[in-house]
Amino acid sequence: MPTLIFVFLLFGLPQSEIAVGGVNKMLVLFVVFANTLLIPLGIILVMRFTKVIPSLKMENHRDRVFPFSVITLLYLVTAYFFYQKDWLDYKLIFTLFVISICLILLTSISYFWKISAHMIGVGGLLGIVLAFGIMVQGYNLLNVVLSVIILAGIIATARLYLNAHTPLQVLGGLLLGFGICFGSFYIVWL
């Protein structure tokens, strides 16, 4: 989801809304893609093959704590790395820190309960898209908002169909991701 969020921020908004300086937007997107998808996926696979986690599904909520802690640390390092770059728009840096907060909460909650990480991600995407829809005047984001709502429905349906989560875990994930991301942007910029 962070990659989709950055695709939206870098390419789905008016040019004046997000500035990346002289750096290629594709490079920024690649760094986000690598540090929030490729490397975490590799970490999870290594943990599975070394039997640190019993299954890729991580069916027990406590099986999720260590992998999510490592991935959260990676996200925080990425956010800090972006923070050190003065050419990067502060809204992109803020977005990475907000996503990291969602992961910290996901990891903390996973110690007690199996909340849906997928729904936290898509809820965060929806929250950020709606926040920018309100922030950016004169730019219609209705199609993007509707697309994200449909995506959220598809992901929620899939998680329930696969019996990976209960309806409460799916709803909790959606509300947590949406609440943190929309709320953070609302408090800071709206």
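The values are calculated or read from the model by the stated rules, or taken from the named source; none is laboratory data. Everything numeric in this text was worked out from a predicted model, so none of it was measured. For neighbour counting, all protein chains shown are included, and Cβ atoms are generated from backbone atoms with ideal geometry for every residue, glycine included.
Quick look at the values:
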| quantity | calculated |
| --- | --- |
| Odd one out for PHE49 among (1) surrounded by 12 or more Cβ atoms within 10 Å (Cβ to Cβ); (2) modelled with pLDDT of 85 or more | (1) |
| Residue match in segment 17-29 (condition: of a type outside the set (D, E, K, R), more than 18 Å from the chain's Cα centre (by Cα), under 30 Å from THR166 (Cβ atoms) and in a helix (DSSP H, G or I)) | no |
| Lone unmet requirement of (1) without any contact (Cβ under 8 Å) to a residue 40 or more places away in the chain; (2) assigned to a helix (DSSP H, G or I) for PRO54 | (2) |
| Restricting segment 97-115 to residues that are surrounded by 18 or more Cβ atoms within 10 Å (Cβ to Cβ) and in contact with a Ser or Thr (Cβ under 6 Å, 6 or more places away or on another chain), the residue that is farthest from TYR75 (Cα to Cα) | THR107 |
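Per-residue answers, yes or no, for (1) surrounded by 12 or more Cβ atoms within 10 Å (Cβ to Cβ); (2) closer than 17 Å to PHE68 by Cβ; (3) at pLDDT 95 or above:
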residue	(1), (2), (3)
MET119	yes, yes, yes
ILE134	yes, no, no
GLN137	no, no, no
VAL145	yes, no, no
ALA152	yes, no, yes
LEU171	yes, no, yes
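Conditions tested, residue by residue: (1) among the basic types (Lys, Arg); (2) free of Cβ contacts under 8 Å to residues at least 12 places away in the same chain; (3) within 20 Å of LEU105 (Cα to Cα).
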| residue | (1), (2), (3) |
| --- | --- |
| PRO2 | no, no, yes |
| PHE6 | no, no, no |
| LEU9 | no, no, no |
| VAL20 | no, no, no |
| ASN24 | no, yes, no |
| VAL28 | no, no, no |
| PHE33 | no, no, no |
| VAL65 | no, no, yes |
| SER69 | no, no, yes |
